[in-house]
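I'd like to ask you about the structure that follows.
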Amino acid sequence: MTTRFARALPVALLIALGLTVPTAASASAATASAATTCYGGAVTVHYGDALEFGPYWTTARCADINMRVIGGTAAYVNACVKFAKYGTCNRWTKVGRSWTTIATDVLDGSKFTVPAGVPLEGDDAVLQIAF
């Protein structure tokens, strides 16, 4: 049987050592910080300069590969991820102005490219890719 004192002892010890006690709020802040870091490392590319972007290598910053449209005349693009190991698109995804995941649970250090297409001839797009 655990006493109330025994449960409080680890918390008191952390405080005495000058360490913080993890809370739900700090866990939430850590998650938000990780997302900021992931998107903060995004690369900006211009559809029209290339139709396939990369190669890039996945990083520990993001667990997924994310993309969004940040400018140009196209309201959205269609994009997929081609991993060098396989050479084919994973699946085509419609990507608009908010972050959209185009590949999930990627392994760190995986080489990939991102082919993209705009919905109409003559449209252009400025895109961000976070990985």
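For residues in region 35-73 being outside any strand (DSSP E or B) and over 11 Å from the mean Cα position of the chain (by Cα), which is nearest to F83 (Cα to Cα)?
L51
Another question about this same structure. Somewhere in region 92-110, is a residue surrounded by 13 or more Cβ atoms within 10 Å (Cβ to Cβ), of a type in the set (D, E), touching a residue at least 40 places away in the same chain (Cβ under 8 Å) and in a loop (DSSP other than H, G, I, E, B)?
no
I'd like to know if region 41-49 contains one or more residues that are of a type outside the set (A, V, I, L, M), touching a helix residue (DSSP H, G or I) at 6+ places or on another chain (Cβ under 9 Å), surrounded by 13 or more Cβ atoms within 10 Å (Cβ to Cβ) and at pLDDT below 95.
No, the conditions are met nowhere in region 41-49.
Can you name the condition, by its number, that G87 falls short on among (1) out of contact with any Ser or Thr (no Cβ under 8 Å at 6 or more places or on another chain); (2) surrounded by fewer than 13 Cβ atoms within 10 Å (Cβ to Cβ); (3) on the phi < 0 side of the Ramachandran plot; (4) without any contact (Cβ under 8 Å) to a residue 24 or more places away in the chain?
Only one criterion in (1) out of contact with any Ser or Thr (no Cβ under 8 Å at 6 or more places or on another chain); (2) surrounded by fewer than 13 Cβ atoms within 10 Å (Cβ to Cβ); (3) on the phi < 0 side of the Ramachandran plot; (4) without any contact (Cβ under 8 Å) to a residue 24 or more places away in the chain is unmet by G87, namely (3).
The values are calculated or read from the model by the stated rules, or taken from the named source; none is laboratory data. Small disclaimer: the values here were computed from a predicted structure and weren't measured. Cβ: placed from backbone, ideal geometry, glycine included. Neighbour counts: every protein chain shown.
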